[in-house]
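Reading through the structure tokens given below for one structure.
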Amino acid sequence: MKFKMHVLFKSAWKCPRLQHMSTQNPQLLPVSLYSTLLPMSAPPELQELCSTIMSTVGGLDDLELSLNKFKDSLTSSLVAQAIDSSKHEAHTRRLLRFFLWSSKNLSHNLEDKDYNYALRVFAEKKDYTAMDILMGDIKKEGRVMDAQTFGLVADSLVKLGKEDEALGIFKNLEKYKCPIDEFTVTAIINALCSKGHAKRAEGVVWHHRDKITSTKACIYRSLLYGWSVQRNVKEARRIIKEMKADGVVPDLICYNTFLRCLCERNLKHNPSGLVPEALNVMMEMRSYKVFPTSISYNILLSCLGKTRRVKESCQILETMKNSGCAPDWVSYYLVARVLFLSRRFGKGKEVVDQMIGEGLVPNHKFYYSLIGILCGVERVNHAVELFEKMKRSSLEGYGPVYDVLIPKLCRGGDFRKGKELWDEATCMGITLQCSRDDLDPSLTEVYKPRRPEKIGLVDSSVAKSPQKITKFVGKMKMRKKCTAKKKKKK
């Protein structure tokens, strides 16, 4: 992952996926058939096949010509092992051509599990053409597609924007000899809701209500997430009411999902309602013995930071402490970030010191992002102070910070401090990405930011646009005419 100065804040709540179903029923776990690594002691025939598939020389026809020269005995187990060992390196088109060549040569010796495994590989790689060809072969040859494979296929199709096709396969599962049961119904609902197709998912629920009686909580979570993706607070609230009426008590995941939906909706349409409406939801949570965690408050803090609501952010941090919910380092980061962006540097440093005083050890990205912000607002001295705190916390990964601070200091004219940081990084054995030329005053152009000149009271008319002056003069003329007419009438 490339280094970025702004942390991509990710919440801990996620859409319930097929993994949730799998943990409830261990028999439904989609276990990989083979190891994904090719061991050094692999059979020579497997090594030969893998090298042929992963070769970048020649096209697909050349691949098949090379495969035709394979002299060892080909088995279904060898085919599956070859796909598994080369799936991360080879292009899916080469994997598909290899599998089709194998099915031609082995005829009926390839089993249903081999077709399912190959289809799962193509679904994970989101190759629509390969999935379509293989599903056509499964249907034509009367093979069985298992429920786990359908779950992955449905999820990949929806992510590719082909939800109609995913629903079409679900409605015709009997053609693939796959039963419409609790697992497959839950799989299509989860897939649809993951991309916000909650209305279509509710249609599936309506037609197959009898098959999901034991997974109602999972289904409700998926529907709630689906409406939240659309930021549809009204429908998300309806789902929560239906849960309560159906005897399913919303848990922390459900309330955090609804809270995010509400906050993101207010962020766009009603920023002033962020705090009061979010706190009302938290009061409702407590009434059901579901207590907000730092994740719940961080959802609100993240949205407050996006609207630069500094006062409310600081108040929410204090509210967390007073309510018995200990802030985590993400909470302190969100508050410090908005303080630095709004140029409240003293208060921002206090928040960072509070976090350190609480004994919290943040992720290194905490310092990366805040140092980047301080450099962006031309407060390099504060950035250097924060870097010293980072080093005292014994975190690693200082390289990107040196790469940002050294050029910034030198362009600001502080070559002495830049050289000091360069020597410090060199002593620590850190390979820097910035150039040593930055330390040379004859090569580095010093940039000193200038404050905009203040316009005096005498010259205040200069600040006004000609259009505004014209409108003002016109209004004065109209007033003079009105007063003249009134005098004539008298």
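Worth a mention:
- Whenever a residue of segment 185-198 is in the same structural domain as Thr149 (by TED's automatic domain parsing) and free of Cβ contacts under 8 Å to residues at least 40 places away in the same chain, its partners that are of a type in the set (A, V, I, L, M, F, W, C) and in a loop (DSSP other than H, G, I, E, B), lying with C-beta atoms within less than 6 angstrom and at least six residues away or across chains, give the pairs Val185/Ile212.
- Residues located in segment 388-399, provided they are of a type outside the set (Lys, Arg), farther than 27 Å from Ser442 by Cβ and assigned to a helix (DSSP H, G or I): Glu388, Met390
- Among the conditions (1) within 27 Å of Ile316 (Cα to Cα); (2) buried (at least 17 other Cβ atoms within 10 Å of the Cβ); (3) of a type in the set (A, V, I, L, M, F, W, C), Leu279 misses just one, which is (2).
- Flag for Gly136 being assigned by TED's automatic domain parsing to the domain that holds Gly247 and on the phi > 0 side of the Ramachandran plot: no
- The listed residue being surrounded by 16 or more Cβ atoms within 10 Å (Cβ to Cβ) and at pLDDT 90 or above, out of Gly348, Gly412: Gly348
- Condition met for Val361 (over 30 Å from Val380 (Cβ atoms), outside any helix (DSSP H, G or I) and in the same structural domain as Tyr220 (by TED's automatic domain parsing)): no
- Taken over segment 282-314, the criterion of being touching a residue at least 12 places away in the same chain (Cβ under 8 Å), over 19 Å from Phe258 (Cβ atoms) and loosely packed, with under 14 Cβ neighbours inside 10 Å is satisfied by Arg308 alone.
- Flag not set for Val158, criterion: under 29 Å from Ser103 (Cβ atoms), among the β-branched types (Val, Ile, Thr) and not in a helix (DSSP H, G or I).
The values are calculated or read from the model by the stated rules, or taken from the named source; none is laboratory data. This one's a predicted model, so the numbers in the text were calculated from it and none came from an experiment. Cβ: placed from backbone, ideal geometry, glycine included. Neighbour counts: every protein chain shown.
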